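Notes to accompany the following structure.
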Amino acid sequence: MKAYTQEFMEEDLYLANVFQRYPINIVKGKGAYVWDNNGKEYIDFMAGYGVALVGHCNDKVVDAVKRQVERLITCHCSCYNDVRLEFLRKIVSLSRGLDKVFFCNSGAEACEAAIKIARKYSKRYGIVAMVNSFHGKTMGALSVTYASKYREPFKPLLDGVTFVPYGNADRLEEVIEDDAKGDKVIGAVILEPIQGEGGINVPPQGYLNRVREICDKYGILLILDEIQSGLGRTGRLWASEHWGVIPDIMCLAKGIAGGIPMGLVLAKRDVMDSLSIGEHSNTFGGNPLACAAAKATLECIVDDKLVDNAANVGKYMYEGLLRLKDKYKIVRDVRGLGLMLGIELRFDIKDILLDGLKHNILLLYSGRNVIRLLPPLIIDEDIAGKALTILDTLLNREQERRGIK
């Protein structure tokens, strides 16, 4: 999806060539909509890869940022700060006993920190990750990310990483049991409660519970990457709540600060306290501007009942997508929870994504053949219905284009 028109060529001239790019110049956003530089309106079901969780330019977030930017923008965590404390109180109150927090600025940074924390606490370097996992592209996060297209150019990566099939708890226990009989190097298991980049893969019932039991049995930490699935997106505040599972370490980012960059690691107190002063830190983590935005975001999620909205509108969307599956032979599967949904097709989806722009919707890919839907949690059934109508048109055009009846 490279942008070749003159309108976009200058930005391509300067920007590192590392992004799949849509030929669209977004200049404004509000709620579930964005507008390009020609004033064309789009329903945004990409939402910056799920970052616009509470909608673009959410009024509460904008007001919080405006107030804070005139008061104090930066304050390193070597000093105390009132807004940071207010946010910490709020996030810990929602965290199910994960009562110590590390601030960073992105999801990959959160996963990097989680790996280091697990190593320090367990005194073991081995980690089990999942087939089709995605945790980021920095060296540590990349080491537990499955796709060879991301990994191969940068080997050697971290030692001690083993990948097992997602959803297969028996295979996970076999690997851990073999390790326990030998070198005892495995200190943690890392996984996404619902895989995002890997294809919107929902685990089989009972899988996460078995993983938790296995980790407890062998004294291994469980790291859950809720960067994409957390904060209400799946119709529960944390996706792992669908199965009643609480991790030892949880990674957050994306929509946590309403669009302002922020990442978090939440952990049980004894696990986080294994870190000593200076062993892991950063410059921008926990800055007051991001904390003000994040506090307002959490207030929106709770006060505006966005978790319930994600469950209800997500159910409406899912049922509509199932009807499209029955209607079109090119649709292989529909899956997801809440407003984290995927439509798996039998073909590459590139043309559908570009066709979506012509029909005023911004969609996201998950691999080559899965349309990923990550709209803001504020959408209602009217917006969802409009999106379903457009998807109906797009699938019909694609099926006709391929000569399938």
- Task: Search segment 152-182 for residues being closer than 15 Å to residue 134 by Cα and of a type in the set (Val, Ile, Thr), and hand back the single one that is surrounded by the fewest Cβ atoms within 10 Å (Cβ to Cβ).
- Result: 162
- Message: Looking at (1) surrounded by fewer than 17 Cβ atoms within 10 Å (Cβ to Cβ); (2) in contact (Cβ under 8 Å) with a residue 24 or more places away in the chain; (3) more than 18 Å from residue 256 (Cα to Cα), which one does residue 13 not meet, given that it meets all the others?
- Response: (2)
- Please identify the pairs in which a residue from segment 85-100 that is more than 16 Å from residue 301 (Cα to Cα) has its Cβ atom under 7 Å from the Cβ atom of a residue that is assigned to a loop (DSSP other than H, G, I, E, B), counting only partners at least 6 apart or on another chain. 96/246; 97/246; 97/268; 98/268; 100/273
- Task: Tally the residues that are outside any strand (DSSP E or B) and either aliphatic (A, V, I, L, M) or touching a residue at least 40 places away in the same chain (Cβ under 8 Å) (or both), restricting the search to segment 101-114.
- Result: 9
- Condition check for residue 303: under 16 Å from residue 60 (Cβ atoms) and surrounded by fewer than 24 Cβ atoms within 10 Å (Cβ to Cβ): yes
- residue 100 being among the basic types (Lys, Arg), surrounded by fewer than 18 Cβ atoms within 10 Å (Cβ to Cβ) and out of contact with any Ser or Thr (no Cβ under 6 Å at 6 or more places or on another chain): no
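Right, residue 136: small (Gly, Ala, Ser), surrounded by 21 or more Cβ atoms within 10 Å (Cβ to Cβ) and in contact with a Lys or Arg (Cβ under 8 Å, 6 or more places away or on another chain) or not?
On the way: small (Gly, Ala, Ser): yes; surrounded by 21 or more Cβ atoms within 10 Å (Cβ to Cβ): yes; in contact with a Lys or Arg (Cβ under 8 Å, 6 or more places away or on another chain): no.
So residue 136 does not fit the description; no.
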- Kindly indicate whether any position in segment 315-337 is in the same structural domain as residue 231 (by TED's automatic domain parsing), farther than 26 Å from residue 193 by Cα, surrounded by fewer than 19 Cβ atoms within 10 Å (Cβ to Cβ) and modelled with pLDDT of 95 or more. no
- Just name the residue that is farthest from residue 227 (Cα to Cα) out of those in segment 237-285 that are more than 18 Å from the chain's Cα centre (by Cα) and of a type in the set (Ser, Thr, Tyr). 276
- Residue count, segment 255-272 (criterion: small (Gly, Ala, Ser) and within 17 Å of residue 99 (Cα to Cα)): 2
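The values are calculated or read from the model by the stated rules, or taken from the named source; none is laboratory data. As the structure is a prediction and not an experimental result, all values here were calculated from the model. Positions of Cβ are backbone-derived with ideal geometry, glycine not excepted, and every protein chain shown enters the neighbour counts.
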